[in-house]
Amino acid sequence: MSDANVRIPEEAKDRLAAIAAAEGLSLRAYLARLAETLLTPAERAERAEKALAELKSWNGYAPTAAEQQDLDSELDRRLAQVAAR
């Protein structure tokens, strides 16, 4: 296992350390677990492709690129609305 130095604001480090401690983990263990559970952009794209293929085979759902963009915009709008609360 190699060590790495990451420069982040002190507040962010303290927050991550508090979250880790609440879960009974060291900051190092928490960050390692976080890295194992997050998806890379390529992995997210692959999963999205597989999900669309499954939906198409299951019920014929095959949105156009324009429909996907409209759905993404609507999701972004709703998330922004919730975040503003």
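The values are calculated or read from the model by the stated rules, or taken from the named source; none is laboratory data. In this text the structure is predicted, and so the values were computed from the model without any measurement. Counting neighbours? That spans all protein chains shown, and the Cβs are built from the backbone with ideal geometry, glycine included. Each accessible area value is taken on the protein alone, full model and side chains, heavy atoms only, with ligands, DNA and RNA left out. Shrake-Rupley method; radii C 1.70, N 1.55, O 1.52, S 1.80 Å.
For this structure, a couple of remarks:
- Heavy-atom accessible surface of the chain: percent carbon and sulfur, 1.4 Å: 56
- Exposure rank, largest accessible area first [ARG7, ARG44; 1.4 Å]: ARG7, ARG44
- Report note on the peptides 64-75, 11-22: ranked by the mean count of other C-beta atoms within 10 Å, highest first, their order is 11-22, 64-75.
- Taking the inverse of the mean reciprocal distance over all distinct Cα pairs, the Kirkwood hydrodynamic radius of the chain comes to 16.7 Å.
- Probing with 1.4 Å while keeping every protein chain in the model, the per residue accessible area of the stretch 41-84 equals 89 Å².
- Helix axis angle, 10-22 relative to the chain longest principal axis, alpha carbon, degrees: 90
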